[in-house]
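Below is one structure, written out as structure tokens, with a few remarks after it.
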Amino acid sequence: MKDTKGDRVPKWAESSTSYGEWAVRNGGEFSVLLLSWFDRSARNLPWRLVRDPYRVLLSELMLQQTQVATVIPFYERFLAQWPTLQDLARADDQAVLKAWEGLGYYSRARNLLAAVRAVVAQHGGEIPSGERELLQLKGIGEYTAGAIRSIAYSLPAAAVDGNVVRVFSRLTETAWQPADPAHRRQVRALVEQLLPANRPGDFNEALMDLGATICLPQNPACTSCPVQTICQALATKSVAQFPEKKPSREKPVEQRTCLILTQGGKVHVNRRPDKGLLAGLYEFDWVEDLAARLPDDFLATLMERKEKLGQKRHVFTHKIWLVDGNRIELPIPDPTANIGSSDPFKTVENSRWVSTDELKTLPFPKVLTQWRDDLVVALTQV
Ligand code: SF4
């Protein structure tokens, strides 16, 4: 099928969707405006200095659900510690979790390790450029695969995340929801048609920048927007209505009580199981776990010795923890002698007393790191 100028009519032009019509009218101008803005105003980000697939993979995994400003120092430290994919594939799991400490969503670090090890084992150490092969690697979904293919390999692949859906929802006045997979597929088809063959990586990065710095979720900076002249929602003053809001479901809140047990300069820690929430990370004790195994009166006596540390809030994807922190210095000698157990604080297999030097090397979830760091300072000053 040809249009009047003899060019192939793109797929979406054959549909009667409003976004297809928008693309027919504005697609060419959109790419020109977006890329010339990118040439003038691209963010200066460390992972853009060298475009190799390992750096794209590393940065994209770190950026999932995390702000750019938070990621930058982690990315730089990580790359200094493991400059190549092969270095990372050989790394010790605990050292990688430790380097990830503070970034949150630790499954990303475990997926990254699994992915680079699979690349070494199955692809000779070269991150593949095919979408099918990339999607078989842990932690790599369509967005990250598209980013690697377009940015590192200059292939015409779309990289559509919630930000990109939001931008096109407004540009085309389409009621897309950023988290809806069907809507993402529609936006992906649209982006694939708009991608310029000579600069697919720049195009995707420009879209990322537009979503992150101009077309913000709240109060978009439309007067500074490089594509304001072709934005349908702006023209009809309906920007606030796009993208479509998903009815929000309240996350359940779990109240937890953390006990930081110390004794003569040692600290009691538990390593969480290798699977499940915060897998493989270290933590202190939880009253909820101890209550199931310790005699009530012993626990009550223990709690009388507590020094309150305040409360922390930790938001997971599916729930919220509200954690009350307490430090308890146990008496010396063995406080457990009178209850007939060698270690009543043992809640999981990997449970032990550690020195402050070792404590510093163990990866903890973000919700506990400040109390851990304060404790190291307090014990070191004694
Ligand atoms: S004009 Fe406003 S709403 Fe439209 S794309 Fe630009 S920032 Fe987003």
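The values are calculated or read from the model by the stated rules, or taken from the named source; none is laboratory data. All values derive from a computational prediction rather than experimental measurement. Don't worry about glycine lacking a Cβ; one is built from the backbone with ideal geometry, like all the others, and counts go over all protein chains shown. Side chains are part of the model used for accessible areas, which takes the heavy atoms of the whole protein and leaves out ligands, DNA and RNA. Shrake-Rupley method; radii C 1.70, N 1.55, O 1.52, S 1.80 Å.
Can you work out which of the residues in the range 30-62 that are of a type in the set (K, R) and outside any helix (DSSP H, G or I) is least open to solvent (accessible area, probe 1.4 Å)? So the residue we want is R43.
Yes/no matrix, rows are residues, columns are (1) open to solvent by less than 20 Å² (accessible area, probe 1.4 Å); (2) over 18 Å from D161 (Cβ atoms):
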| site | (1), (2) |
| --- | --- |
| D209 | yes, no |
| L216 | no, no |
| S224 | no, yes |
| I230 | yes, yes |
| T236 | no, yes |
| C258 | yes, yes |
| G264 | no, yes |
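Conditions tested, residue by residue: (1) of a type in the set (V, I, T); (2) away from the ligand (no atom under 14 Å from the Cβ).
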site	(1), (2)
E126	no, yes
E133	no, yes
V160	yes, yes
H183	no, yes
A197	no, yes
G201	no, yes
L216	no, no
P220	no, no
Q228	no, no
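Listed here are the residues, each with its yes/no results for (1) closer than 16 Å to R256 by Cβ; (2) at pLDDT 90 or above.
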| residue | (1), (2) |
| --- | --- |
| W321 | yes, yes |
| E329 | no, yes |
| D334 | no, no |
| G340 | no, no |
| P365 | yes, yes |
| L368 | yes, yes |
| V377 | no, yes |
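Is one or more of the residues making up the range 70-85 under 14 Å from the mean Cα position of the chain (by Cα) and polar (S, T, N, Q)? Yes, the range 70-85 contains at least one residue that is under 14 Å from the mean Cα position of the chain (by Cα) and polar (S, T, N, Q). List the number of the failed condition for P196; all other conditions in (1) exposed (fewer than 15 other Cβ atoms within 10 Å of the Cβ); (2) in contact with a helix residue (DSSP H, G or I) (Cβ under 6 Å, 6 or more places away or on another chain); (3) over 17 Å from G146 (Cα atoms) hold. Against the list (1) exposed (fewer than 15 other Cβ atoms within 10 Å of the Cβ); (2) in contact with a helix residue (DSSP H, G or I) (Cβ under 6 Å, 6 or more places away or on another chain); (3) over 17 Å from G146 (Cα atoms), P196 comes up short only on (3).
Where helices (runs of 4 or more DSSP H) fall wholly inside the range 162-272, the ranges with 2 or more residues that are hydroxyl-bearing (S, T, Y) are 162-172.
Restricting to the range 142-158, and then to whatever is open to solvent by 30 Å² or more (accessible area, probe 1.4 Å) and more than 28 Å from S248 (Cα to Cα), can you tell me which residue is farthest from the ligand (Cβ to nearest atom)?
Within the range 142-158, the match that is farthest from the ligand (Cβ to nearest atom) is Y153.
Being open to solvent by less than 40 Å² (accessible area, probe 1.4 Å), under 25 Å from the mean Cα position of the chain (by Cα) and more than 9 Å from the ligand (Cβ to nearest atom): is that true of R271 here? Spelling it out, it is not the case that R271 is open to solvent by less than 40 Å² (accessible area, probe 1.4 Å), under 25 Å from the mean Cα position of the chain (by Cα) and more than 9 Å from the ligand (Cβ to nearest atom). Taken together, L135, L85 contain a single residue that is aliphatic (A, V, I, L, M) and buried (at least 20 other Cβ atoms within 10 Å of the Cβ), which is L85. Exactly one residue among A206, A233 is within 23 Å of the chain's Cα centre (by Cα), in contact (Cβ under 8 Å) with a residue 40 or more places away in the chain and farther than 14 Å from Y143 by Cα, and that residue is A206. As for the range 244-254, it holds at least one residue that is within 16 Å of the ligand (Cβ to nearest atom), more than 21 Å from the chain's Cα centre (by Cα) and over 29 Å from K366 (Cβ atoms). Determine if the range 178-190 includes at least one residue that is open to solvent by less than 30 Å² (accessible area, probe 1.4 Å) and not assigned by TED's automatic domain parsing to the domain that holds R313. Yes, because at least one residue in the range 178-190 is open to solvent by less than 30 Å² (accessible area, probe 1.4 Å) and not assigned by TED's automatic domain parsing to the domain that holds R313.
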